[in-house]
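Colleague: Before I ask anything, here is the structure I am working with.
The values are calculated or read from the model by the stated rules, or taken from the named source; none is laboratory data. Note that the structure is predicted; figures quoted are calculated from it, not measured. Every residue, glycine among them, receives a Cβ derived from its backbone with ideal geometry; neighbour counts consider all protein chains shown. Just the protein is used for accessible areas: all its heavy atoms, side chains included, with ligands, DNA and RNA removed. Shrake-Rupley method; radii C 1.70, N 1.55, O 1.52, S 1.80 Å.
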Amino acid sequence: MKINGNAIRIGMVIEHQGRLWRAHKIQHTQPGKGGAYLQVELRDLREGTKLNERFRSAETVERVRLEQQEYQYLFADGDMHTFMNNETFDQVSLAAEVVGEDQVPFLQEGMTVTIESYEGSIIGVQLPDTAVFEVVEADAVVKGQTAASSYKPAILDNGVRIMVPPHIETGTRVVVNTGDRSYVERAKD
């Protein structure tokens, strides 16, 4: 499906230069001279390489429709991660490169993910927007730092380091944004 160059959004998959790319960052620019354009950071779905490209509104790009299936994450065996189709109960094992090296720490047993495929081959895994983790280590609050909005470093039970508000202590369960690794809120359980 053809779309205008300025209609590209984050997460959208396009075909460009004969390859499949996912838009990761977008910046709309309107210079004082000349027409407006969209500066897009693209990541190749098969090789992982990055490309910065400018698209003007007059240009058209091919938007790719991916087949999406819900799977449940079962377990990890070394570098391979096993998922089960929620409808057919078929299992598939994917390497960490396909899942995404930055997403692997956020996989939890029983988590429902979306596996994307194009022309029969799996090209990526989409995690839920948020997940709940326990804080295993949090720095003490520095006196006088509570006047302004401040954050302190904390380590989650999956080994990921994030910034949390001063009231979060060790043992607290927190909701984390899996996309940018940011603190969302204290878990409600």
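Colleague: Mind listing just one residue for me: the one in the range 1-19 that is under 15 Å from GLU67 (Cα atoms) and modelled with pLDDT under 90 and, of those, surrounded by the most Cβ atoms within 10 Å (Cβ to Cβ)?
Modeller: Filtering the range 1-19 for residues that are under 15 Å from GLU67 (Cα atoms) and modelled with pLDDT under 90, the one surrounded by the most Cβ atoms within 10 Å (Cβ to Cβ) comes out as VAL13.
Colleague: Working only within the range 165-185, note down all residues that are closer than 12 Å to GLU134 by Cβ and in a strand (DSSP E or B). Outline the logic, then answer.
Modeller: Residues of the range 165-185 that are closer than 12 Å to GLU134 by Cβ, as a first pass: 168-176.
Matches in the range 165-185: ARG173, VAL174, VAL175, VAL176.
Colleague: Sticking with this one: I need every pair where a residue in the range 169-189 that is under 21 Å from THR114 (Cβ atoms) has its Cβ under 8 Å from the Cβ of a residue that is modelled with pLDDT under 90 and part of a loop (DSSP other than H, G, I, E, B), sequence separation at least 6 or different chains.
Modeller: THR178/GLN103
Colleague: Considering the range 104-121 alone, what residues qualify as being in a strand (DSSP E or B) and open to solvent by 60 Å² or more (accessible area, probe 1.4 Å)? Show your work before the answer.
Modeller: Initial filter on the range 104-121 (in a strand (DSSP E or B)): 112-118, 121.
Hit for the range 104-121 is THR112, nothing else.
Colleague: Please go through the range 115-144 and pick out each residue that is among the small types (Gly, Ala, Ser) and free of Cβ contacts under 8 Å to residues at least 40 places away in the same chain. Show your work before the answer.
Modeller: Looking only at the range 115-144, we keep the residues that are among the small types (Gly, Ala, Ser), and these are 117, 120-121, 124, 131, 138, 140, 144.
Selection gives GLY120, SER121, ALA138, ALA140, GLY144.
Colleague: Something else about it: Taking the stated definitions as given, is SER121 modelled with pLDDT under 90 and more than 17 Å from the chain's Cα centre (by Cα)?
Modeller: On the way: modelled with pLDDT under 90: yes; more than 17 Å from the chain's Cα centre (by Cα): yes.
For SER121, the condition - modelled with pLDDT under 90 and more than 17 Å from the chain's Cα centre (by Cα) - is met.
Colleague: Go through (1) open to solvent by less than 80 Å² (accessible area, probe 1.4 Å); (2) within 17 Å of the chain's Cα centre (by Cα) and name the single condition GLU101 misses.
Modeller: (1)
Colleague: In the range 30-74, what residues are open to solvent by less than 90 Å² (accessible area, probe 1.4 Å), closer than 30 Å to MET111 by Cα and either outside any loop (DSSP other than H, G, I, E, B) or without any contact (Cβ under 8 Å) to a residue 12 or more places away in the chain (or both)?
Modeller: First pass over the range 30-74, keeping only residues open to solvent by less than 90 Å² (accessible area, probe 1.4 Å): 31, 34-45, 48-49, 51, 53, 55, 57, 59-64, 66, 69, 71-74.
Cutting the leftovers down to closer than 30 Å to MET111 by Cα gives us 41-45, 48-49, 63-64, 66, 69, 71-74.
If the condition is that a residue be open to solvent by less than 90 Å² (accessible area, probe 1.4 Å), closer than 30 Å to MET111 by Cα and either outside any loop (DSSP other than H, G, I, E, B) or without any contact (Cβ under 8 Å) to a residue 12 or more places away in the chain (or both), then GLU41, LEU42, ARG43, ASP44, THR49, ARG63, GLN69, TYR71, GLN72, TYR73, LEU74 are the ones that fit.
Colleague: ALA140 passes all but one of (1) surrounded by fewer than 15 Cβ atoms within 10 Å (Cβ to Cβ); (2) small (Gly, Ala, Ser); (3) in contact with a strand residue (DSSP E or B) (Cβ under 7 Å, 6 or more places away or on another chain); which number fails?
Modeller: So ALA140 meets the others, but not (3).
Colleague: Let me ask another. Take the residues in the range 80-98 that are part of a loop (DSSP other than H, G, I, E, B) and open to solvent by 80 Å² or more (accessible area, probe 1.4 Å); name whichever of them is nearest to SER121 (Cα to Cα).
Modeller: ASP90
Colleague: Can you spot a residue in the range 83-93 that is over 24 Å from ASN177 (Cβ atoms) and of a type in the set (Phe, Trp, Tyr)?
Modeller: Checked against the condition, which is being over 24 Å from ASN177 (Cβ atoms) and of a type in the set (Phe, Trp, Tyr), the range 83-93 yields at least one hit.
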